Amino acid sequence: MISRTLLTALGLSSALVAHPLFAATPEKDELTLGFIKLTDMAPLAVAKEKRYFEDEGLYVTLEAQSNWKVLLDRVISGELDGAHMLAGQPLAATIGYGTQGDVITPFSMDLNGNAITVSNAVWDEMKPHVPADADGKPIHPISAAALKPVIESYADRGQPFNLGMVFPVSTHNYELRYWLAEGGINPGFYTPEDVSGQIAGDVLISVTPPPQMPATMEAGTILGYAVGEPWNQAAVAKGIGVPVITDHDIWNHNPEKVFGVTKAFAEENPQTMIALTKALIRAAIWLDENDNSNRPEAVEILAKSEYVGADAAVIANSMTGTFEFEPGDKRPAPDFNVFFRYNATYPYYSDAVWYLTQMRRWGQIAEDKPDSWYDEAAKSVYRPDIYKLAAEELIAEGKATADMFDFDADGYREPTSAFLDGIPYDGTKPNSYLESLTIGLKTGQTVETLIAN
């Protein structure tokens with residue numbers, strides 16, 4: 001095969017360089033990829049089951065991992081070639097927060113897909129503070145302001161209010177904190193010396209692996225949690241809890257998971273990276289095409305024990321365009337899981353910057369950083385250049401069309417105010433954004449100075 005690099009150097013068009021005739025053989029064709037048992041690992045399962053990996057000359061083993069830390073550690077150590085990751089994991093690893101290692105992503109796996117669930121007992125106390133419609137059903141989205149008097153009643157009784165999320169740099173942690181702060185509840189802060197995230201908090205937020213969330217809440221260890229599917233709908237099915245808000249209502253079309261590999265793996269295996277990204281893009285297209293017509297088949301795939309392994313009916317509750325809040329209160333949610341629409345798969349720098357702002361907001365980044373730092377950090381991890389090469393090959397092969405992709409992007413989405421509190425976010429102005437948020441660190445503040453004042 002003739003290399004793409006040589007063809008590009010000769011001045012040939014990107015479309016010609018991407019033509020199958022010139023497609024390079026992957027440097028490494030036998031791969032082991034990790035995932036956590038969540039429905040948003042779907043692009044990996046679909047790429048394997050529909051043989052998209054094989055089409056690209058890849059022979060992939062998918063391996064479930066016990067938790068997010070184990071998954072990240074195994075990617076960094078090379079035991080896994082890549083993995084389904086929390087969007088914050090490659091960023092945190094690269095800037096040196098928690099497990100350290102240079103990790104990049106060429107592909108965003110989905111938008112939305114999470115919810116916040118509380119126990120039945122907590123819901124019973126919240127409900128009098130939640131507005132209802134003419135039929136007596138709760139009006140959504142539900143603000144955490146309805147939870148505030150419940151937390152205060154626990155404090156008056158000398159009882160801690162414990163909540164669960166899946167990992168300190170997870171989307172779920174930041175969404176839970178965003179929701180709480182919007183309702184006037186302080187979720188707590190991190191410092192380099194105290195990584196519990198509970199400093200000065202009105203609640204105690206701790207880590208629980210996703211599949212264990214329902215059982216941990218049923219046991220009373222936590223009173224609620226933020227997690228991806230199917231573990232919110234599992235609480236409804238088991239009759240032990242009520243989802244009160246989805247992340248679609250916290251931040252409409254928020255980026256959720258990414259596909260991550262080490263920077264070294266990407267540099268050593270550039271053709272493998274393009275092949276992987278092509279297969280994942282095809283899987284994402286399949287998941288969303290024709291108004292989600294393939295979702296029932298996707299549910300059957302995900303229900304297999306080697307993937308999510310949950311009851312198909314529970315997975316279908318959210319994957320097929322609905323979401324059930326209480327038994328019988330099933331509402332339309334066509335965008336609860338998005339895998340390709342709205343440029344979902346493009347690794348936007350602005351998505352990375354938002355996660356970095358939340359790390360700064362809650363003290364995981366202890367001191368101020370200039371706007372330029374956020375831009376540089378985002379560009380060191382998110383790799384739209386790899387994504388574009390993969391997309392161009394798919395177009396040249398007739399497996400996609402140019403209008404499916406945002407090739408004009410500078411890496412930043414347009415500013416948006418599609419948040420629960422309506423506060424606008426511009427990824428090019430992270431410090432201005434941090435100043436606009438009600439609870440959290442501002443310019444010149446550390447957790448110590450904030451608490452002292």
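The values are calculated or read from the model by the stated rules, or taken from the named source; none is laboratory data. Treat the numbers as computed from the prediction; the structure is a model and nothing was measured. No Cβ is skipped: glycine too gets one built from the backbone with ideal geometry, and neighbour counts run over all protein chains shown. Accessible surface is based on the protein model in full, side chains and every heavy atom, while ligands, DNA and RNA are left aside. Shrake-Rupley method; radii C 1.70, N 1.55, O 1.52, S 1.80 Å.
Structure data summary
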read-out: Subset of Lys257/Lys304; Lys257/Lys369; Lys127/Lys442 violating a 29 Å alpha-carbon distance limit; value: Lys127/Lys442
read-out: Per residue value of the accessible surface for region 338-453 (all protein chains in place, 1.4 Å probe), Å²; value: 41 Å²
read-out: Of the DSSP H helices in the chain, those whose Cα atoms cover at least 24 Å axially and whose Kyte score averages 0.0 or more; value: 270-292
read-out: Residue (of Leu163, Pro149, Ile199) at the positive-pole extreme of region 149-226, dipole from beta-carbon charges; value: Leu163
read-out: Whole-percent carbon and sulfur share, accessible surface of the chain, 1.4 Å; value: 51 percent
read-out: Pairwise FRET efficiency - Glu152 versus Ala200, Cβ, R0 = 22 Å, nearest 0.05; value: 0.90
read-out: Lys/Arg +1, Asp/Glu -1 at C-beta; region 148-282 dipole; positive extreme among Leu276, Ala237, Pro209; value: Leu276
read-out: Estimated dipole of region 352-412 in Debye, rounded to 20 [Cβ of Lys and Arg +1, of Asp and Glu -1, Cα centre]; value: 340 debye
read-out: Residue-averaged [θ]222 nm for the chain, counting only DSSP H segments that reach four residues, each worth -39500 (n - 2.57); value: -11000 deg cm²/dmol
read-out: Size of electric dipole in the chain: Cβ of Lys, Arg +1 and of Asp, Glu -1, about Cα centre, debye, nearest 20; value: 280 debye
read-out: Proximal lysines relative to Lys28, as straight alpha-carbon distance under 16 Å, when same-chain residues fewer than 8 apart are discounted; value: Lys263, Lys278
read-out: Whole-number percent relative contact order across region 301-450, with pairs defined as alpha carbons under 8 Å at least 6 apart; value: 22 percent
read-out: Nearest-20 debye value, region 318-453 charge dipole, Cβ charges on Lys, Arg, Asp, Glu; value: 260 debye
